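Notes follow once the structure below has been shown.
The values are calculated or read from the model by the stated rules, or taken from the named source; none is laboratory data. Just so you know, these numbers come straight off a predicted model, no measurement behind them. Because the Cβ atoms are built from the backbone with ideal geometry, glycine has one as well, and the counts that use them run over all protein chains shown.
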Amino acid sequence: MTPAVRGAAETEAGHVADLIATAFAPLAATAFLVPPPTARHDVMTANFRIFVDHALHHGEIDVIRDGPGIAATAVWFPHTVPLPEPPDYDRRLVAACGEWTERFRVLDTLFEKHHPAEPYHHLAFLAVHPSWQNRGLGSTLLRHHHARLDPRVPAYLEASGLRSRSLYCRHGYLPRAPFHLPDGTPFWPMWRPAGSPP
């Protein structure tokens, strides 16, 4: 049975940000951004909350529920029209990231440099809680959005590991040359051509 996908409510923003931080905890990029493990989850959650709040007004957040909690989420931004930056971004970034702010700014600069010039939908985050991984929830969220995507509009994302890159390849995304954080950690820009099957 295919799990139900629905849009996130504003009251779920904190839960969505926490889920993304939990799912992304093992990533090498996360360790670069916040080196001390004891501070990592709180800082990453606060940083993700900036983008989750922004997506509630200027993007789309899909969720799959797990009883009272959230098992998986996908956060999309449509770059088919001019998209404003999150309100008060610089202040919120410093408040969220503290002494690690410059590392997040490096990541922001790299992402901006590699974003395509043409219109597209951007998958900013795809996160599945560790206890729900390997059950197809990520694929369910991808298919849900792809089915609703205008067939004239491509999609774009940055894969943060070989495992996620393989998942996206199975859904029609084509990897481009990777870029790297200062410590050598790679990200793979990936492009899904317009009109690809859902």
Q | Any pair with Cβ under 7 angstrom, 6 or more apart, that starts in region 75-86 at a residue that is touching a residue at least 60 places away in the same chain (Cβ under 8 Å) and within 24 Å of Asp18 (Cβ to Cβ) and ends at one that is hydrophobic (A, V, I, L, M, F, W, C) and buried (at least 17 other Cβ atoms within 10 Å of the Cβ) | A | Trp76/Leu123; Trp76/Ala124
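Here's the yes/no breakdown for (1) touching a Pro at 6+ places or on another chain (Cβ under 9 Å); (2) closer than 20 Å to Ala21 by Cα; (3) surrounded by 17 or more Cβ atoms within 10 Å (Cβ to Cβ); (4) among the hydrophobic types (A, V, I, L, M, F, W, C):
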position: Leu137; (1), (2), (3), (4): yes, yes, yes, yes
position: His144; (1), (2), (3), (4): yes, no, yes, no
position: Leu149; (1), (2), (3), (4): yes, no, yes, yes
position: Val153; (1), (2), (3), (4): yes, no, no, yes
position: Leu157; (1), (2), (3), (4): yes, yes, yes, yes
position: Ser166; (1), (2), (3), (4): no, no, no, no
position: Pro189; (1), (2), (3), (4): yes, no, yes, no
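Every residue, every condition in (1) at pLDDT 95 or above; (2) over 21 Å from Leu107 (Cα atoms); (3) charged (D, E, K, R), yes or no:
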| site | (1), (2), (3) |
| --- | --- |
| Thr2 | no, yes, no |
| Asp18 | yes, no, yes |
| Pro26 | yes, no, no |
| Pro37 | yes, no, no |
| Met44 | yes, no, no |
| Arg49 | yes, no, yes |
Q.
I'm trying to understand the selection: among the residues of region 9-28, which are touching a strand residue (DSSP E or B) at 6+ places or on another chain (Cβ under 8 Å), crowded, with 18+ Cβ neighbours inside 10 Å and not aromatic (Phe, Trp, Tyr)?
A. Glu12, Val16, Leu19, Ile20, Ala23
Q. What about Ala117, is it buried (at least 16 other Cβ atoms within 10 Å of the Cβ), more than 14 Å from the chain's Cα centre (by Cα) and more than 22 Å from His144 (Cα to Cα)?
A. no
Q) Is it the case that region 106-122 has a residue that's within 21 Å of Gly59 (Cα to Cα) and polar (S, T, N, Q)? A) yes
Q.
Please determine whether any residue of region 95-102 is at negative phi, in contact with a strand residue (DSSP E or B) (Cβ under 7 Å, 6 or more places away or on another chain) and at pLDDT 95 or above.
A. no
Q: Just need a number here: residues in region 139-174 that are of a type outside the set (A, V, I, L, M, F, W, C) and in contact with a helix residue (DSSP H, G or I) (Cβ under 6 Å, 6 or more places away or on another chain).
A: 2
Q.
Looking at region 25-53, I want the residues that are at positive phi and have a partner that is β-branched (Val, Ile, Thr) and crowded, with 20+ Cβ neighbours inside 10 Å with Cβ atoms under 9 Å, at least 6 apart or on another chain. Which pairs are those?
A. none
Q: Check whether at least one residue in region 55-77 is closer than 26 Å to Pro175 by Cα and in a helix (DSSP H, G or I), and report yes or no.
A: yes
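Residue-by-condition table, conditions (1) among the aromatic types (Phe, Trp, Tyr); (2) within 17 Å of the chain's Cα centre (by Cα); (3) under 20 Å from Thr80 (Cα atoms):
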site: Asn134; (1), (2), (3): no, no, no
site: Asp150; (1), (2), (3): no, no, yes
site: Leu157; (1), (2), (3): no, yes, yes
site: Leu167; (1), (2), (3): no, yes, no
site: Tyr173; (1), (2), (3): yes, yes, yes
site: Pro193; (1), (2), (3): no, no, yes
